[in-house]
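Enquirer: Mind looking over this structure? Questions follow.
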Amino acid sequence: MKRALAGRPAAQASEGKTISGGGMAEQSLYAEAYRAIGEFFCEFSKLERELGETIKVIFRLEKHESSDAVVAALGEAAKKINLVWAAALAAKNPDGSETTKKWKNAAHRTMTAIWERNGIRNQLAHSYLEPLADGSVAVARLKVERGEVTGGEKQLWEEKKFETQVGRIKELTAKLESMKSDLSTLKITLPDMSWLHTLSQPYAPRKMSAALMASLSGAPVPVPGEDIPAHNEPSE
């Protein structure tokens, strides 16, 4: 009897089926799917952290006591991406001359890819994830568009797809680290930063303008005159 039951997970795993039950047996059965999901989100968290470290470099806040507060106040990843993106495209050489078109294009491609990974992260974070015994995950996302509920169809994320996305995130984190190093030596025109000294004092909240909020939440527009490929926001 035990031998028959032992063969059951392997048979159902080959068909990509879920197996009802609970406890340690179920967790062991879906271990590979759980591992794939966890690795994806852990690697993206490293990428988002690197975005924060790059923002500190942009504002020359590496040693400022309020640097973490500034990054945390930005909140969602999209705002961090857009801030780094805009700063990279506006950066100039120490003598005030423009950085090379090659560097700007490379920075634009890196930030475009990071934006797209964030779209994928949003999709997974707001979907119903159903682990399968073969290590894959069924992903179902519902949306309401113009009063109609759409989506809900399951899309299969096989283990190979997770591995590909995780590998890409790791590559982008390394590229962002390199860009951060470049930005530490480039000239970026900053607004008056004296307000940072008041962060250690009691703060009276102020509303952010709708225009500023919208500009931080949408994909930035490339600098006029730069030969940079067109960019479209990723669909969730």
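Enquirer: Any residue at all in the range 107-126 that is free of Cβ contacts under 8 Å to residues at least 24 places away in the same chain and not in a helix (DSSP H, G or I)?
Expert: Looking through the range 107-126, none of the residues is free of Cβ contacts under 8 Å to residues at least 24 places away in the same chain and not in a helix (DSSP H, G or I).
Enquirer: Say we look at the range 51-70 and pick out the residues that are polar (S, T, N, Q) and assigned to a helix (DSSP H, G or I); which of these is modelled with the lowest pLDDT?
Expert: Step by step, filter the range 51-70, then rank; the result is Ser67.
Enquirer: Let me spell it out: the conditions are (1) at pLDDT below 95; (2) closer than 30 Å to Thr189 by Cβ, and Arg146 meets all of them except one. Which number is the exception?
Expert: Among (1) at pLDDT below 95; (2) closer than 30 Å to Thr189 by Cβ, the lone unmet condition for Arg146 is (2).
Every residue, every condition in (1) touching a Cys at 6+ places or on another chain (Cβ under 6 Å); (2) under 20 Å from Ile169 (Cα atoms); (3) at pLDDT 95 or above; (4) not in a helix (DSSP H, G or I), yes or no:
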| position | (1), (2), (3), (4) |
| --- | --- |
| Ala10 | no, no, no, no |
| Thr18 | no, no, no, yes |
| Gln27 | no, no, no, no |
| Glu43 | no, yes, yes, no |
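Let's see how each residue does on (1) closer than 28 Å to Thr164 by Cβ; (2) in contact with a Lys or Arg (Cβ under 6 Å, 6 or more places away or on another chain); (3) part of a helix (DSSP H, G or I); (4) of a type outside the set (Val, Ile, Thr):
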{"residue": "Ala33", "(1), (2), (3), (4)": "yes, no, yes, yes"}
{"residue": "Leu47", "(1), (2), (3), (4)": "yes, no, yes, yes"}
{"residue": "Ala72", "(1), (2), (3), (4)": "no, no, yes, yes"}
{"residue": "Leu83", "(1), (2), (3), (4)": "yes, no, yes, yes"}
{"residue": "Ala88", "(1), (2), (3), (4)": "yes, no, yes, yes"}
{"residue": "Asp95", "(1), (2), (3), (4)": "no, no, no, yes"}
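Enquirer: Looking at Leu129, Leu176, Leu172, can you tell me which residue is part of a strand (DSSP E or B) and either polar (S, T, N, Q) or under 21 Å from the mean Cα position of the chain (by Cα) (or both)?
Expert: Leu129 is the lone residue from the list that is part of a strand (DSSP E or B) and either polar (S, T, N, Q) or under 21 Å from the mean Cα position of the chain (by Cα) (or both).
Enquirer: Which members of the range 54-95 meet the condition of being of a type in the set (Gly, Ala, Ser) and within 13 Å of the chain's Cα centre (by Cα)?
Expert: Selection gives Gly75, Ala77, Ala78.
Enquirer: Hey, another quick one. When you scan the range 188-211, do you find a residue that is in a helix (DSSP H, G or I), within 30 Å of Trp103 (Cα to Cα) and at pLDDT below 95, even just one?
Expert: yes
The values are calculated or read from the model by the stated rules, or taken from the named source; none is laboratory data. As the structure is a computational prediction, the values presented were derived from the model and not from experiment. So basically every Cβ, Gly included, is an ideal-geometry build from the backbone, and we count neighbours across all protein chains shown.
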